[in-house]
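What follows is one structure encoded as structure tokens, with my remarks underneath.
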Amino acid sequence: MRVSVEVRSFLGPGDDSSLADDVLDGLTRPFKELPPKHFYDDIGAQLFDRICELPEYYPTRTERLILAEHSSDIAALTRAAELVELGSGTAAKTRLLLSALADAGTLRRYVPVDVTEGVIRATGAILATEYPGLDVHGIVGDFERHLGHLGPSAGPRIVAMLGGTIGNFTPGARRRFLRDVGRLLGPDGALLIGVDLVKDPARIEAAYNDAAGVTAQFNRNVLQVVNRELRADFEPDEFDHVAFFDRDHEWIEMRLRARRRMTVHVADLALTVTFAMREELRTEISAKFTPRRLAADFAASRLEPIELFTDPDGLFGLALARPVATPRFGAAHRRVSAAAA
Ligand code: SAH
Ligand code: TRP
């Protein structure tokens with residue numbers, strides 16, 4: 001059996017937009033903040049997998065249900081040869097899509113992109129044996145900065161972002177990202193985006209405040225990452241996990257709240273940061289969508305919706321879109337000049 005896995009990494013020493021820059025930028029502003037991609041070291045990735053299994057965390061199992069129901073439709077609509085997945089993680093749900101594309105006979109290449117190297121390597125190797133003949137081209141990188149390395153597609157391409165990860169962008173960055181991704185699709189490509197939908201705030205808040213405290217552990221883990229990578233002395237247990245639904249923005253906001261006044265040193269940056277008692281550090285937003293908001297984002301990003309698949313309870317959505325066809329004058333013009341010649 002031919003097994004083909006290749007992994008390229010664009011992170012590591014010399015990488016310009018690193019944890020160091022984000023900590024320096026984020027912890028020296030009046031309202032402290034860290035970008036969410038630093039949650040996912042090996043421990044964070046494991047904690048996230050546990051979140052996905054929690055009874056309160058409905059997005060994962062609902063998206064799996066939608067994929068089980070509609071992957072064959074997606075395969076028929078796209079006839080994709082290549083699946084690029086941004087923030088692929090362990091690609092647990094992705095197998096439904098890969099199988100549907102393999103059954104349709106169109107699938108040739110899978111390109112998982114994630115910041116967590118161990119997960120890319122392990123998942124890539126497993127998938128290559130599960131899908132004989134599939135080329136796996138893993139990319140260890142930041143989907144906001146390294147998508148230029150994708151290269152030409154193996155045929156019609158789907159770019160997928162599952163799990164509601166698109167909600168972790170702020171609105172402006174989200175549209176910029178969608179616009180950039182649109183350029184990678186090519187004329188016959190499609191974008192597949194999983195979005196958590198607006199619903200009863202109590203239901204949403206419960207998903208980020210689980211009774212077992214796994215989400216709290218996951219949230220605090222980002223401080224361990226800073227401690228380890230930049231030799232800082234955060235005391236993670238002295239921070240409370242805070243997650244609430246902001247009704248104006250329709251997003252979940254995740255924060256860490258200092259239990260008391262604290263001074264933290266970040267040795268590698270020669271930085272000292274003070275926290276007032278009860279001061280909060282924002283660690284993530286997770287935007288919730290209405291079909292209308294999604295349509296507006298697509299329109300602003302030169303994308304055209306094809307279909308919005310949902311579950312019977314309308315908890316989660318899986319949107320398929322394609323680039324807006326740009327009018328091309330070239331072909332007609334050439335015909336006229338040929339006739340004139
Ligand atoms: N797709 C999976 C995982 C979602 S969690 C699912 O649906 O369950 C978000 C994933 O995106 C994590 O695996 C995390 O490591 C990755 N990630 C977060 N920010 C990223 C970034 N800027 N670039 C690349 N991957 C990122
Ligand atoms: N992208 C996921 C979401 O927004 C990630 C997530 C789930 C998460 N629970 C979390 C991120 C808790 C930080 C803290 O649903």
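The values are calculated or read from the model by the stated rules, or taken from the named source; none is laboratory data. Keep in mind the model is a prediction, meaning the values are calculated, not measured. Cβ atoms come from the backbone with ideal geometry, glycine included; neighbour counts cover every protein chain shown. When the accessible area is computed, the model is the full protein with side chains, heavy atoms only, and any ligands, DNA or RNA have been set aside. Shrake-Rupley method; radii C 1.70, N 1.55, O 1.52, S 1.80 Å.
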Once the convex hull of the C-alpha atoms of the stretch 136-256 is built, how many Å³ does it hold per residue, rounded to a whole number? 157 Å³
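Among residues other than residue 162 whose Cβ falls under 15 Å from its Cβ, what is the net charge (Lys/Arg +1, Asp/Glu -1)?
-3
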Helix 117-130 vs. the chain, principal-axis angle (Cα, 0 to 90°, nearest 10): 40 degrees
Can you give the charge dipole size of the stretch 29-109 about its Cα centre, rounded to the nearest 20 debye, using +1 on the beta carbon of Lys and Arg and -1 on the beta carbon of Asp and Glu? 200 debye
I'd like the Karplus ³J(HN,Hα) series for the stretch 302-315: coefficients 6.51, -1.76, 1.60, θ = phi - 60°, whole numbers in Hz, and an x wherever there's a Gly or Pro. 6, 10, 10, x, 9, 7, 10, 8, 9, 8, x, 8, x, 7
Nonlocal amide H pairs with residue 190, under 5 Å, H built at 1.01 Å: 157, 158, 159
Of the heavy-atom accessible surface of the chain (probe 1.4 angstrom), what whole percent is carbon and sulfur? 52 percent
If you filter the stretch 214-295 for trypsin sites (Lys or Arg not before Pro), then keep DSSP loop positions with at most 16 other Cβ within 10 Å, what is left? 231, 247, 259, 260, 261, 278
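Convex hull over the Cα atoms of the stretch 1-151, averaged projected area in nm²?
10.8 nm²
With an 8 Å cut-off on Cα pairs and a minimum separation of 6 or more residues, tell me the relative contact order of the stretch 170-292 in percent. Present the calculation step by step, with values, prior to reporting the outcome.
Numbers: 166 pairs, mean separation 27.7, N = 123.
Relative contact order, the stretch 170-292: 22 percent.
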Kirkwood hydrodynamic radius of the stretch 227-288, Cα pairs, Å: 12.8 Å
To the nearest µm²/s, what D does Stokes-Einstein give for the stretch 236-332 at 25 °C and 0.890 mPa s, using the Kirkwood radius over alpha carbon pairs as Rh? 139 µm²/s
Rounded to whole Å, √(5λ) for the Cα gyration tensor eigenvalues of the chain, largest first, gives 37, 22, 22
Amide H neighbours of residue 324 at under 5 Å, excluding residues fewer than 5 places away on the same chain, with H built from the backbone geometry, are 303, 304
Nearest 10 degrees, 0 to 90: what angle lies between the long axis of helix 330-340 and the longest principal axis of the chain (Cα atoms)? 30 degrees
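Under the rule of -39500 (n - 2.57) per DSSP H run of 4 or more residues, summed and divided by the residues of the chain, what mean residue ellipticity at 222 nm is obtained, to the nearest 500 deg cm²/dmol?
After summing the helix terms and dividing by the residues of the chain, the value is -11500 deg cm²/dmol.
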Around residue 275, with a cut-off of 15 angstrom between Cβ atoms, what is the net charge of the other residues, counting Lys and Arg +1 and Asp and Glu -1? +2
Tilt of helix 42-53 relative to the longest C-alpha principal axis of the chain, in degrees (0 to 90, nearest 10)? 70 degrees
As a Kirkwood estimate from alpha-carbon pairs, the stretch 72-200 has a hydrodynamic radius in angstrom of 14.9 Å
Amide H neighbours of residue 163 at under 5 Å, excluding residues fewer than 5 places away on the same chain, with H built from the backbone geometry, are 194
In terms of the charge dipole of the chain, which places +1 on Lys and Arg and -1 on Asp and Glu at the beta carbon, the residue among 321, 258, 122 farthest towards the positive end is 321
Return a whole-number percent for the relative contact order of the chain, with Cα pairs under 8 Å and 6 or more residues apart as the contact set. 21 percent
Quick one, can you get me the convex hull of the C-alpha atoms of the stretch 181-314 expressed as volume per residue in Å³? 167 Å³
With the 8 Å Cα cutoff and a minimum separation of six or more residues, the stretch 30-172 has a relative contact order in percent of 28 percent
Dipole size in debye (nearest 20) for the chain around its Cα centre, Lys and Arg Cβ +1, Asp and Glu Cβ -1? 1160 debye
Using 0.36 nm per residue of separation minus the Cα-Cα distance, give me the extension gain between residue 6 and residue 271 in nm, one decimal. 91.5 nm
Note down the net charge around residue 207, summing +1 for each Lys or Arg and -1 for each Asp or Glu among other residues with Cβ under 9 Å from its Cβ. -3
